[in-house]
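A short reminder: the numbers here are calculations on the coordinates, not readings from a lab. Here the structure is a predicted model, which means the values were calculated and not measured. Here the Cβ positions follow ideal geometry from the backbone for every residue, glycine too, while neighbour counts run over all protein chains shown.
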Amino acid sequence: MATRAMTPPARAQAVDRSVARLFEAFDHVPVAAVIRHAEDLPRALASQVPAIFFVRAPAFHLGPLVWAVQARGKMAFVHIDLIAGLGKDRAGIAFLAREIGVNGIITSHSGLVAAARAERVIAVQRLLLYDDLGLRSAMAAVEHARPDIVEVQPAVIFPLVAEQIRARHPVPIIVGGFVTEPHQRQAALERGARAVSTSTVSLWP
Amino acid sequence: MRTPGLFGAMLPAIRDSNTLHQALDLGYRQLLVERGSLLAMVGPLAAAARQGVAIFVNLDAVEGLAADSAALAFVATDLGFSGVLSVKPHILKDASRFRLRTIQRIHALDSTGLETGLNSIGQPAPYAIAIAPAVAIPQVMPIIRDSTNVPVWGTGFVTSAAQAAAVLAAGADVVASAELELWREFRDARIDD
């Protein structure tokens, strides 16, 4: 198990710097654009969002998309659990980190969080909160994996669990899942989310 | 033998024989075994089923059962349960052979996942789909209705009467909750079918 204490200081510093840079940008524009359909990417690139989440694109065609994101000064994150064609394992993470050079990896699996941390990319752990059993196992998973960022889904659950999560984990929280209206984005931010992730194009500033 | 169907909109979610008896004492004739060890409460559950209580079991979360044909045969034939819930379409397909009502569980966590879940609905069509968390239903019902007309159940994170009412008002047929207080509040509003 990789923990912060066991991670080489160089790695921790490099990733901590990019996390800090990301949240500085989120303080101005607290939105990450989730790309569900490739045709939405140009809109995301032209928007002011500091981060773009790829949740569906086939892994082996991701390179040019990720590089286009980075050429705009934005960070590119890939959801490894959902991406087609890539093993959900260390080799899959290494491919995304080394060959493509993603800024971060999104996963709900603790083992992959550890692998992402070892590869010096930002590790976002998605908490899938479908019921209170899911909440309990998610909290344990975060404790174990020590991600750089936690993403809570769906957004409608966040007000119900915000205190509980923050009391146990001082990790920055992003909220996503069915954020389709400005008031939902606002509600999440007011409850302490540092950013929302959304595929709703009209919510990308 | 025809197993009993639904008796109303509130489905008490139980996890042990203690909560089982609380629901029965309140007069509920339908239950969801949401988690816990099914085998630890198998006696009282079978007795309730014999008396016509409709029992549904979440095969993904309950302990002590494998997700296979032998477990389905046990649940259907030996215990006389009414139906099973699972995220796995192949288990539901198998369950329909045992004349169990099949409820496809679908996680409503984000649009991508919901779409995948709705696309996984198999043949024969399930008796219902169970959306988790239920509190997302007011938001996602239009997306669901774009793709299927089967009855919708809501499970997960329902702890207040206001949440339950919002889920039903959005068009859900059934809402499950593990809150005893909520069972009490709904008891008087129960509709028999």
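Determine the principal axes of the Cα atoms in the stretch A:4-203, then give the extent along each, sorted from largest to smallest and rounded to whole angstroms.
42, 39, 30
Under the rule of -39500 (n - 2.57) per DSSP H run of 4 or more residues, summed and divided by the residues of the protein assembly as shown, what mean residue ellipticity at 222 nm is obtained, to the nearest 500 deg cm²/dmol? Don't skip to the answer; put the middle values down first.
Working: 16 runs with 153 residues, N = 398.
Helix-only estimate at 222 nm: -11000 deg cm²/dmol.
When Cβ neighbours within 10 Å are restricted to other protein chains, what is their mean count per residue of peptide A:196-202? Spell out each step's value before the answer.
Details: counts 0, 1, 2, 3, 1, 0, 0.
Counting Cβ atoms of other protein chains within 10 Å of each residue's Cβ and averaging gives 1.
Going highest first, how would you order A:153-166, B:114-127 by mean Cβ packing within 10 Å? Show your work: numbers first, answer last.
Working: A:153-166: 20.2, B:114-127: 15.9.
The packing order, highest mean first, is A:153-166, B:114-127.
Among all the aspartates and glutamates, which ones have a C-alpha under 18 Å from B:K88's C-alpha, if same-chain residues fewer than 8 places away are not counted?
Excluding near neighbours in sequence, the set is A:D81, A:D131, B:E34, B:D60, B:E63, B:D68, B:E115.
Is the protein assembly as shown rounded, prolate or oblate when judged by the Cα gyration tensor, a ≥ b ≥ c being the square roots of its eigenvalues, rounded requiring a/c under 1.5 and prolate requiring a/b larger than b/c? If you can, show how the numbers build up before the last one.
Numbers: a/c = 2.05, a/b = 1.93, b/c = 1.06.
Taking the square roots of the gyration eigenvalues as a ≥ b ≥ c, the protein assembly as shown is prolate.
Within 10 Å of each Cβ in A:125-136, how many Cβ atoms from other chains are there, averaged over the peptide? Before the final figure, lay out each step's value.
Numbers: counts 0, 2, 1, 6, 8, 15, 15, 6, 7, 7, 3, 0.
That works out to 6 on average.
When a/c reaches 1.5 or more, the comparison of a/b and b/c decides; with that in mind, is the stretch B:10-187 rounded, prolate or oblate per its Cα gyration tensor?
Details: a/c = 1.98, a/b = 1.16, b/c = 1.72.
Note, shape of the stretch B:10-187 comes out oblate.
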